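Computed from the coordinates by the stated procedures, all read-outs in this text should not be read as laboratory data. Remember, it's a predicted structure, so these values are computed and weren't measured experimentally.
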Amino acid sequence: MQLSLVMLMVMAGAIGHTSAASNGTLNHPINGWYRFQEYTVSDAGSSSGDAECAVYTTPLCYAGICETSEFADPTVDIFVKRI
């Protein structure tokens, strides 16, 4: 149950950023939405495949919040799934 809530929050944030990006306010790429199984691991057999997944690339730090180390990758890839 908690994992579902966390996934919902991550998806909502990513979709919000994606919506803002389409308005030109952010420029963080999403690799497109692809068909994916609704349940990644399921005891009930195969799922209907009605979900979609994508990888969203976002900055590790934002200006005024923190600074990325010169040795660190300045972006983070986030896997998102929408049902």
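The table below gives the values:
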quantity	calculated
Added length on full extension, which subtracts the Cα-Cα distance from 0.36 nm per residue, Trp33 to Thr75	13.1 nm
Gain in span if fully extended, Arg82 to Cys66, counting 0.36 nm per residue against the direct Cα distance	2.8 nm
